[in-house]
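Q: My questions all concern the structure below.
The values are calculated or read from the model by the stated rules, or taken from the named source; none is laboratory data. Quick caveat, the model's predicted, so the values are computed rather than measured. We place every Cβ from the backbone using ideal geometry, glycine too, and count neighbours over all the protein chains shown.
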């Protein structure tokens, strides 16, 4: 029997339903991003070493992003699938998907922690670390890696809570963790004089609390989709289903690591530590801006999936129209603010004049593509929510792997260090346009009962 939260996804008026589900998710995503951003803000203001420490911690971004990519693989792949099956009124199979997802998250945690603890030093040097920054990078990353299981559980299970209409519960998981992190950061960094290590300890503790909250939420009486201990095991058929949908968001997240590696290397080659530091700041700002986009689509996507599974195509059409327009609007406004007030955002992370000046110069260029990137950000989750793994995967590969990486390697040969920054907006705008064309050409044939029957 479905609970009230789940039933309303198929019955409540779309605008009010979207607001009710999206707002908690947006808040959750914005607060979630504060885990790392708050760390960087405090670290950047450590007296005497702030710039070097900030650059060092920024170099851990590819590894941290890859860890979160594996949680997205399970959460973003499994949750839409579970929503579709709940729409088909098959709760048992939905719980099997969740249980298999938990098993995958635990396995990923152990493997990722071991691999990165062993190879972190050579990897960080490959990412653009110098002798001046490697120490700070390793101090932070070693402690962070010990808490890998908490990161995977906290981020990977959240979409399953949202999928059953409990956006408020999912939000509280992240809010509680973020508040703990914000409180503990200055205590450990400055009060106990632990510096970068203190920031990492605060982050691990906060993620552990968030993980515990999510497990409790998926095992209590209010959950329509529960963690069933007997289902926490490998099911090859379900793993294949999760893989088919999860590979796209995984690539989107994991290629952020690839991008960071390429950009850091190119900036170190053509510019130096100061340019690498500017990228750390801009990536932090982009993360902050991407959070409401991700939260909005993550909150709305279950509406698309559930109603698609229930064969309510009119509700699907109404939902994706609002989602794409809302994503575009959020992206345009946030990008415009960064282009108009770049120094303001730079000073959030550092008070060193040279770094602020450089970031103020390059941020309007770097952020220009986000003016229309919201189109892609709304379209891809729509494809994912409708079970269209192949199209979603192509869009994920297009922006980062097909466009941005080659451009970041080619442009500096013609434009010098500024070419690294030019690559980002060109890739963002091109991929947004292509994603829009693909959507217009394919959406009608996707929304059919014949296509729905193929998903199983």
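Q: Restricting attention to the range 216-243, report how many residues are under 17 Å from residue 172 (Cα atoms) and within 20 Å of the chain's Cα centre (by Cα).
A: 0
Q: Would you please name the residue that is surrounded by the fewest Cβ atoms within 10 Å (Cβ to Cβ), looking only at residues in the range 1-31 that are at pLDDT below 70 and part of a helix (DSSP H, G or I)?
A: Going residue by residue through the range 1-31, those that are at pLDDT below 70 are 1-7.
Subsequent filtering for residues that are part of a helix (DSSP H, G or I) retains 4-7.
Working: 4: 9, 5: 18, 6: 21, 7: 14.
Here the answer is 4.
Q: Okay, next question. Of all residues in the range 115-135, which are more than 24 Å from the chain's Cα centre (by Cα), part of a helix (DSSP H, G or I) and in contact (Cβ under 8 Å) with a residue 12 or more places away in the chain?
A: 121, 134, 135
Q: Could you tell me whether residue 408 is under 22 Å from residue 261 (Cα atoms) and either in a helix (DSSP H, G or I) or touching a helix residue (DSSP H, G or I) at 6+ places or on another chain (Cβ under 8 Å) (or both)? Break it down into steps so the answer makes sense when it comes.
A: Numbers: under 22 Å from residue 261 (Cα atoms): yes; either in a helix (DSSP H, G or I) or touching a helix residue (DSSP H, G or I) at 6+ places or on another chain (Cβ under 8 Å) (or both): yes.
For residue 408, the condition - under 22 Å from residue 261 (Cα atoms) and either in a helix (DSSP H, G or I) or touching a helix residue (DSSP H, G or I) at 6+ places or on another chain (Cβ under 8 Å) (or both) - is met.
Q: Please enumerate the residues belonging to the range 267-285 that are closer than 13 Å to residue 419 by Cβ and either at pLDDT below 85 or surrounded by fewer than 23 Cβ atoms within 10 Å (Cβ to Cβ) (or both). If you could, list the steps in order and put the result at the bottom.
A: First pass over the range 267-285, keeping only residues closer than 13 Å to residue 419 by Cβ: 267, 269-271, 275.
Correct list: 269, 270, 271.
Q: Does residue 308 qualify as being in a helix (DSSP H, G or I), without any contact (Cβ under 8 Å) to a residue 60 or more places away in the chain, in contact with a helix residue (DSSP H, G or I) (Cβ under 9 Å, 6 or more places away or on another chain) and farther than 30 Å from residue 45 by Cβ? Outline the logic, then answer.
A: Working: in a helix (DSSP H, G or I): yes; without any contact (Cβ under 8 Å) to a residue 60 or more places away in the chain: no; in contact with a helix residue (DSSP H, G or I) (Cβ under 9 Å, 6 or more places away or on another chain): yes; farther than 30 Å from residue 45 by Cβ: yes.
When the stated conditions are applied, residue 308 does not pass them.
Q: Which ones in the range 210-236 are surrounded by 19 or more Cβ atoms within 10 Å (Cβ to Cβ) and under 25 Å from residue 146 (Cα atoms)? Spell out the reasoning first.
A: First pass over the range 210-236, keeping only residues surrounded by 19 or more Cβ atoms within 10 Å (Cβ to Cβ): 210-211, 213-214, 217-218, 223-227, 231.
Scanning the range 210-236 gives 210, 211, 213, 214, 217, 218, 227.
Q: Also, I was wondering about something else. Out of 189, 201, I need the residue that is over 23 Å from the mean Cα position of the chain (by Cα), assigned to a helix (DSSP H, G or I) and touching a residue at least 40 places away in the same chain (Cβ under 8 Å). Which one?
A: Working: 201 fails: over 23 Å from the mean Cα position of the chain (by Cα).
None of the other options fit; the residue is 189.
Q: Now a separate question. Could you count how many residues in the range 42-53 are assigned to a helix (DSSP H, G or I) and at pLDDT below 80?
A: Let us first name the residues in the range 42-53 that are assigned to a helix (DSSP H, G or I), namely 42-44, 50-53.
When the remaining residues are screened for being at pLDDT below 80, the result is 44, 50-52.
Residues in the range 42-53 being assigned to a helix (DSSP H, G or I) and at pLDDT below 80: 4 in total.
Q: Another one. Looking at (1) surrounded by fewer than 22 Cβ atoms within 10 Å (Cβ to Cβ); (2) in contact (Cβ under 8 Å) with a residue 60 or more places away in the chain; (3) part of a helix (DSSP H, G or I), which is the one condition that is false for residue 89?
A: (3)
Q: Please give the number of the condition residue 239 fails out of (1) closer than 30 Å to residue 360 by Cα; (2) surrounded by 19 or more Cβ atoms within 10 Å (Cβ to Cβ).
A: The failed condition is (1).
Q: What residue, among those in the range 376-408 that are surrounded by 22 or more Cβ atoms within 10 Å (Cβ to Cβ) and modelled with pLDDT of 90 or more, is farthest from the chain's Cα centre (by Cα)?
A: Among them, the one singled out is 408.
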